[in-house]
1. Between residues in segment 113-134 that are part of a loop (DSSP other than H, G, I, E, B) and residues that are modelled with pLDDT under 95, which pairs lie under 9 Å by C-beta distance while being six or more apart or on different chains?
2. Might you let me know whether segment 82-103 holds any residue that is at pLDDT 95 or above, surrounded by 12 or more Cβ atoms within 10 Å (Cβ to Cβ) and farther than 22 Å from THR34 by Cα?
3. Looking only at segment 166-191, count how many residues are at pLDDT below 80, farther than 30 Å from LEU12 by Cβ and of a type in the set (S, T, N, Q).
4. Looking only at residues in segment 36-86 that are of a type in the set (Ser, Thr, Tyr) and not in a loop (DSSP other than H, G, I, E, B), which one is nearest to PRO121 (Cα to Cα)?
5. So, SER141, is that one among the hydroxyl-bearing types (Ser, Thr, Tyr) and either at pLDDT below 95 or more than 24 Å from PRO121 (Cβ to Cβ) (or both) or not?
6. Give PHE9, PHE73, PHE27, PHE64 a once-over and let me know the one that is more than 13 Å from the chain's Cα centre (by Cα), modelled with pLDDT of 95 or more and not charged (D, E, K, R).
Amino acid sequence: MANAGTLNFKALKNCKRDDYLQLDDYFMAVAIVTAQRSKDPSTQVGAVIVNEGNRIVGVGYNGFPQNCSDDIFPWHKTTDVESDDPLQDKRLFVVHAEANAILNSNCKSLKNTRMYTTLFPCNECSKLILQTGISQVYYISDKYAEKPEFQASKIMLDAGGIVYKKYKPIMNEFTINIDQTQMNWKKNSCM
């Protein structure tokens, strides 16, 4: 039951900003910023998992497993260095952003959560998405759509009833300036 004294309260002036970052844009922006943690020289991917209460419960980026030095393992594909040694291919060692977001999640269950990722998930990550109960996937790029791994991914996601959509931002651009001395807080016209 509400306190009786607050029922009659009305703000004298209500002029909140209308150009704030919407939740979906915020979650995708977190995925984009998270991708910047990846040391992969060719493809930086970030992923964020959000629960039904719009709380971030998992974040990940593509990189080597914990305790595996990124100074020792290869950051290239064998085709990039003309090597016949399959162990010179980063794909044998890198943990994808989506898998890391799932593994790094801070909740018991991911059932009915949403994933925001900068790159459409591969077949291996889609298996994890299906197994954990993530129900929706939003992505920015599908640059590998013609590759069998990504075609298989779509087949599995379709079969599992997972909704996946190319993300369409509400706010196309905003700037992050980390230098707090230069922070320009937006002022509303009513202030």
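1. From segment 113-134, the pairs are THR113/CYS107.
2. no
3. 4
4. By that ranking, first place goes to TYR61.
5. Here the answer is no, as SER141 does not meet what is asked.
6. Going through PHE9, PHE73, PHE27, PHE64 in turn, the sole match is PHE64.
The values are calculated or read from the model by the stated rules, or taken from the named source; none is laboratory data. The model shown is predicted, which means the values in this text are computed figures rather than measured ones. Note that we place each Cβ from the backbone using ideal geometry, even for glycine, and neighbour counts take in every protein chain shown.
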